[in-house]
Every structure is written in structure tokens, then in C-alpha cells.
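Everything on this sheet refers to the single structure shown next.
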Amino acid sequence: PAWALSRGSVRPAPRRRGGRRHAEVNGRKKTFTELQTERLEQAERTVLIKCPSKISEKKLLQYLSSHGKINSHFFFENRGIHALIEFSDKNSIASLQDVIGIPGATEHHVVPFKSRLFTFTMKNLVAQAAAETQIRLSPQSHIPVKDLIQKLCGADSISSQMYTLLNEYQLTEENIKLRYLACSLVSDFARAYFPDSVVKPFGSSVNTFGKLGCDVDMFLDFNEARKHIKKMTKGPFEMEYQLKRLPSERLATQKILSVIGDCLDHFGPGCVSVQKILNARCPLVKFSHQPTGFQCDLSVSNSIAIKSSELLYIYGCLDSRVRALVFSIRCWARVHGLTNSVPGAWITNFSLTMMVIFFLQKRSPPIIPTVDQLRALADDEDRHVIGSYDCSFVSDLSKINPTKNTETLDELLYSFFEYFGSFDFRKNSINLRKGKEVNKPESCPLYIWNPFEQDLNISKNVNQPQLEKFVALARESAWILKKEDKTQRMISKEPWGLAALLIPFGKNNPNTIKNRAKGIGSETIKSLLDSLKLSNVNNLQKAVGK
Ligand code: GTP
Ligand code: MG
């Protein structure tokens, strides 16, 4: 049994949404790699059709069915109505492409590339549509925070508030399909240069922690071709393999991304604002993919980042409390300006997720295992060594024993804030391999060990003021959760529990310390107040280091 199944008191993760369905193979859940392969293959059989605003769903499907069986489809709004159509056979796409006209070359100066993006123009189907029932549009973004807060106020516990947030924010099955389709459409392009390459998603699109609206991180993978080459080394020939020999891997990566970036910019249907960022630590091409509506980051195969995505995927699947807590903390951090979509000295979502994972490893009994424990469960097929780093860990979820921990999310949310509100950041670092605090190896304000490259700090970018802000907000949040009278707040229709934490702390938030401290004389609260005054930094420095 998986960890998540062991807990009677915990609600199962909502089923309707994507990423939660685990098709089985040979009586066990599919691994990350198996799921990814399946979704990539599905995406290759998929097309995107721009439709008129009034359309007969039945007629459209009837028409398309003449090119082959349709496995699944849905409609969504993105500067007009679009339909994603997944055929059961890839050949149906060629059949459809054969009957679709290409715009006249003299008017449009077209590049003769047959894409999988179509516009539906059949007039008579449109005319009939008015009389029919409206098509259902699948939402591709989450509700605004203020609507979320209102929804949360109607829940009956903090746990159910946290599951409500998860359910509203997490990627849907449809949105995941669209993400894989975006990768597959970019693959079509990349293959014009590099026929054996595949474009695959990584990061929060696949690690179970993505929220609707997050970017699509994708990478160009040559590993399939490399595996093939390895097998062929016995003969007398050596191939001048695709690329010229270049002096460094970094230079090769930059050259590859440079041509693909230009290609997407000049000829990629719907690819706009293409930006080549080749001198970054991890070179990438940024662009906006208009047909799917995604902001995309394309890089070249980065095995460590892919392994990190799989590790987070494993943690996200083990226990339903993991994703509920991560989503709540990420949302909380965003509301209070701890995270930001622009890179800078802010804590990243990736670092925050690692902090939540670490916190859950530290519970007694632990809710999730350490990376070393997952490594001990790895079998030969899971062995994965990248450079000098051992990145092996178990891929079969059913091999991981269930946790005995029965804490509720109410308790965990409070304890998270309490734990990090008093964490000795000056002295200690966060190590997910061992699931233990260890002495900081260098004097960065926040040190979180990269689980696979043990000498790297994934939160090196975070500066002292940002860490102090995190600690102050964690303390204030713990204080609000501890002090609040839920019944009273519900009667007076004020935001309570998680909802109270998602309103910026300031004059308008009835829960915050300044507004509530009048008349409270207890020593503990006084000292807490003192520690929060940023002009009086002594206490805070003790906690966060300087
Ligand atoms: P959101 O996009 O914010 O939803 O989360 P994300 O996990 O996708 O983060 P992001 O797009 O910034 O990065 C994509 C992936 O790159 C992450 O999931 C990690 O695998 C990897 N990554 C990002 N930042 C770091 C870092 O500082 N160190 C390491 N080792 N990997 C990182
Ligand atoms: Mg991302």
C-alpha cells in the first residue's frame, strides 16, 4: 500500500483533477518515467483546432471522425475557442493535414511546414450551432485569490480549507494534456534540425506541485539517440555525429539553443516574444506559445533537474498531505510577496517546496522518508549516476512503507510556521538527504542542500532581508493560527484559518498583531512583538543569523 492509503482521518486527494490518476501496470502504479512516456505519446497523436465562437461540437467531432477514431477531446478559451483533439492513431493527423489547405504563398509568404494547429472555418456547421446547447469550456486558470478566500471561509476546518485550495489551484487533466501538447509541437520543430530529439516537460508541470498558470519548463532530450549510439560502438566506423565537435558541452548547448531559438522565432507557428538567454548558468530560450497560452522555458537536457522533478513527484504522490501543505505555503508566500515571478533575492517556489518536504521528513513519526531512505530502496534499474553524483532512488511507489503519522493538516500548517519561525538559520542548513539539520557549510543566509549535487545550495540567491521577512511572516502566521477563535470569526463572518493567512498583513487584516495586541499583556506575546519590530533587530538576528 502507498503511504497515502494508510490514513483513515485524511481525506484522499481530490480525484477529479489531473496528475492524481495512476493508471496501473502489472498490478502496480506506473512510475514517473512510464507516465511521462505515455503522455508524450498521447501528445503526438493530438492536434489543436481554433474554432468559431459558436460551434456544433457534435458536427465537429463527426467531421473529424472521418479521419480516424478520437480518443478524447475538450474545449477551452484562449483568445477564442480552441479544441484539443486526441486521435487514437497518429496517421489520422496526416490524413487531416492532407485535406487542409495551406494559405496562398503569394499573399502570406508561407514557409511550407505542416503544423498540427488548425483553424476551423466550415460555415454550415457554425450556422447550425446556434440552436444547440453551449459547449463546455475547460478552465485553464485558477480563481482569483479573493474568490478563493471567500470559498475557504465556508469550509469546516483548516484541513478542508487546504484541500479546497489544492483542488482550485492544481493542474487539471486537460491542462496537463495541453502542456504535453506544447512540448510535442516544439518537438516537431526541434526535429527538423535534430531528428532523434524529443522535447519533454520537467519542473512543476510534471512534479505534482504545478498550479494552473505556471510556466512550462521543457528540455530538449538527446538521450534516446545517445543510448542507441552506445550500443553501436563495436563496429569499425565512427560517426561524425550530427554536431561538429565542440570544445565544451556548454558551448554545444548554447549553439543548439541558438538555432532552435531562431527557428521558433522565424517559423514557429504561434511562438512569440522569443528570447535567447544563452549566457545564464543554465542557458535557455524563453517564449510565449500563443495557441496553448503558455509561457515556456526551453533548455537542453539537464539530468539533475529531471531527477529533481521525479523526486518531488514521488513525494507528492506518497501522502495527500504533502501537496496540500505545499500548495498552501506557496500561495501564502505569493500573497505576502515572499516569492515573485521575476528572479531575484526572493525564495523560489522550488526552495519553498524543499522546505516543506524537509519539515515533513522531520515530523515524529516522519510523514515522508529521507532521500537516503529512498536511495536504499532503489533496485538495479533505478541506479542513476550523473557525473560523480549518485542520483538513485526508488521509482516504484509501492515499495515505500506507509507512514504511521496521523497528524491533521491543521496541526501541520501551524507547526510549519512554528518550526521555521524559530529555526536557527544562522547555524543550521536544511538537508533532505539525511532529513536532518546540519551545520551550515558556508555563510549564506539560507542554505538548502541540493539533494543530488551535495556541494550546491539551491537557495543561494536568498538575501538576509528576504529571509528575515520569511521568519517574521511565519511567526505572525503561527500567532494568528494559535490565537484565533474560529467560531467567533465564523459568526462575525471574518476570514479565519487559512483564509486569514491569505490576506496581506496590515491595517486591513483584522487578525494581525498590531490590530489585536491591545490589551494583551502576556510576556510571551510581548517578546514576540519585540522580535517582530524590525528596528529592534537583536531578537530576530538570533533567529535568522546575520
Ligand atoms: P514554478 O514554475 O514556480 O511553479 O516551479 P518550478 O518547480 O517549475 O520552478 P522553476 O520553473 O523555477 O524551475 C524548474 C525546475 O528547475 C525546478 O523544478 C527544478 O527542478 C529546477 N530548478 C529551479 N531552480 C533551481 C535551483 O536553484 N537549483 C536547482 N538545482 N534546480 C533548480
Ligand atoms: Mg516552472
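Coordinate-derived values only; no laboratory data. Being a predicted model, the structure only gives us computed values, none of them experimental. As a convention, Cβ positions derive from the backbone with ideal geometry for all residues, glycine included, and neighbour counts pool all protein chains shown.
Just a few scattered comments:
- Among the listed pairs Lys29/Lys307; Lys146/Lys362; Lys50/Lys90; Lys30/Lys286, a Cα-Cα separation exceeding 22 Å is found for Lys146/Lys362; Lys30/Lys286.
- Neighbourhood charge, 14 Å Cβ-Cβ cut-off, centred on Thr339 and excluding it, Lys, Arg +1 and Asp, Glu -1: +3
- Cross-link partners of Lys483 among aspartates and glutamates (Cα-Cα below 16 Å; sequence separation of 8 or more within a chain): Asp410, Glu411, Glu418, Glu494, Glu523
- For region 254-302, radius of gyration divided by Kirkwood radius, i.e. Rg to Rh on alpha-carbons: 0.96
- Rg/Rh (Cα only; Kirkwood hydrodynamic radius) as it applies to region 246-342: 1.07
- Here region 439-481 yields Rg over Rh of 1.10, to two decimals, using C-alpha coordinates and the Kirkwood radius.
- Convex hull per residue volume in Å³, alpha carbons only, for region 24-82: 120
- The calculated pair-distance distribution of region 304-404 uses every alpha carbon pair, bins of 10 angstrom beginning at 0, and gives 14, 42, 31, 13, 0 percent.
- From largest to smallest, the equivalent ellipsoid semi-axes obtained for region 443-513 from the alpha-carbon gyration tensor read 35, 13, 9 Å.
- Site pair Ala345 and Ile277 shows an inter-label distance of 1.9 nm when each label is modelled 7 Å from Cα along Cα→Cβ.
- Placing pseudo-labels 7 Å out from each Cα toward the beta carbon at Asp188 and Glu38 gives an inter-label distance of 2.5 nm.
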